Amino acid sequence: MTSARWRSTLLGIAAPLLAIALAVLVTSLVLVVAGDPVGKVWQTLLFVHSKEAARSRAVVNIINSATVYYFSALAVAIGFRMRLFNIGVEGQYRFAAFAAAYLGASVTLPKPLHVLFVLVVAMLAGALWAAVPALLKVTRGVSEVISTIMLNSIATALVAWLLRKASAKGGTSLNLSTKTLPDSAHVGGISIGFLDTKVQVYGLVFLAVVAGAVYWFAIERTRFGFDLRATGRSETAAVASGVDVRRMVVAAMLLSGAVAGLVGIPALVGTAPYNYSLSTQSGLGFTGIAIALLGRNTALGIAVGALLWAYLDIAANPLQIQAGVSTQLVTIMQGTIVLSVVVAYELVRRYRVSSEQRRVAAALRPGPAAQGAAA
């Protein structure tokens, strides 16, 4: 391996290590300032549960949460790769989950087709909701940041109104919900044999793996991915090379919305009560933004980020019970980790550019013989 490749490899390793060191340092300083026990907190984080059953249940819950986070972050990352900020994943997945739950409970199909129907409806609904900011951007020049944020609020209100109309109970209950999906639309969980728990991993965890592989292949190995990345790095250069930027904006937003539509599906088809209700989890779209940044918009990085985020979520209660600190500390730690990653990678990037400039300058500098001839 050449020295240049060794240097590149070491810098690639240095960035995540520096991010971890910064996160640990800043979090420890916060704990000291707050008067919390630093050692006890880190010990609790490293060994979340001491009992085997609780530890096994925590592992399954981490995988399930990470599966949902992964879909959300992938949806955000598709836009980020071309510097398109789809902040509307929150509204897209809520609208898609409601549509999938309502339409999925309204049809009768054999089991494989019924599950496929729910997935297709969710992806189409997510893409449909994402088409609004895409068209506003390419036809009227409206910033997707503004339009997607506004559409999040509209989606929340619209879904609440539709849920009241479509509620299986039909009353004014505070626990409105769609009809329950029939058995043919359920996806069974997966039991991990060596874990001492009855809690199962979402059956759609494999779909998340497939989505990650497709994302990597499409972005890194196809002409579409090349055009996407080229548009993100320089729109002017992309246009000069023949890329239709407007078409790429629409395509990226639709794909992002389609993936966002899958965010609520693992829980919808994988766990009771198999419907969409007022208690359906919210905030997953905003979490996806942080995890996409944490994972540097790469399939593998997002997977690591989603697992880490889920791990910290699960650690919140043990931190409160065993270490006696507020559960809000986890939120501070998650934010600190994201900022540490951004700062660490930027420092390494600047060092890499500076090092490369010095190397090129040294290579172009005239040698002693040339200087003597010039004299």
Subject >> Stretchable slack from Ala14 to Ala157, in nm (0.36 nm times residue separation minus alpha-carbon distance) >> reply: 46.9 nm
Original post:
So how tilted is helix 52-80 from the main axis of the chain? Cα-based, degrees 0 to 90, rounded to 10.
Top reply: 70
Subject >> Förster radius 41 Å - calculated FRET efficiency between Arg5 and Phe85, Cβ distance, rounded to 0.05 >> reply: 0.75
Subject >> Degrees separating the helix 89-104 axis from the principal Cα axis of the chain, which is the longest one >> reply: 30
Subject >> Angle in degrees between helix 284-294 and the longest Cα principal axis of the chain, rounded to the nearest 10 >> reply: 20
**OP:** List the equivalent ellipsoid semi-axes of region 37-324 in whole Å, largest first, each obtained as the square root of 5λ for an eigenvalue λ of the Cα gyration tensor.
**Re:** 32, 26, 18
Subject >> Set of aspartates and glutamates with alpha-carbon distance to Lys137 below 15 Å, sequence-local pairs under 8 removed >> reply: Glu235, Asp244
Subject >> For region 58-95 versus region 201-218, the gap between their alpha-carbon centres in whole angstrom >> reply: 12
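Could you work out the local net charge near Gln281, counting Lys and Arg as +1, Asp and Glu as -1, over the other residues with Cβ closer than 14 Å to its Cβ?
Working: positive: Arg94; negative: Glu90, Asp313.
My count for the surroundings of Gln281 gives -1.
With n ≥ 4 as the cut-off for DSSP H runs, can you work out [θ] at 222 nm for the chain, using -39500 (n - 2.57) per run divided by the number of residues, rounded to the nearest 500? Provide the component values of the computation, followed by the final result.
Working: 15 runs with 270 residues, N = 375.
Mean residue ellipticity, 222 nm, calculated: -24500 deg cm²/dmol.
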**OP:** Over the chain, give the accessible area per residue in Å² for a 1.4 Å probe, as an integer.
**Re:** 52
Original post:
At what distance in nm do the modelled label points of Val209 and Arg365 sit from each other, each positioned 7 Å from its Cα along Cα→Cβ?
Top reply: 5.3
Subject >> Point-to-point label distance, Ser282-Arg233, nm (Cα→Cβ direction, 7 Å offset) >> reply: 4.1
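The values are calculated or read from the model by the stated rules, or taken from the named source; none is laboratory data. Small disclaimer: the values here were computed from a predicted structure and weren't measured. Positions of Cβ are backbone-derived with ideal geometry, glycine not excepted, and every protein chain shown enters the neighbour counts. Keep in mind that these areas ignore ligands, DNA and RNA; they rest on the heavy atoms of the full protein, side chains included. Shrake-Rupley method; radii C 1.70, N 1.55, O 1.52, S 1.80 Å.
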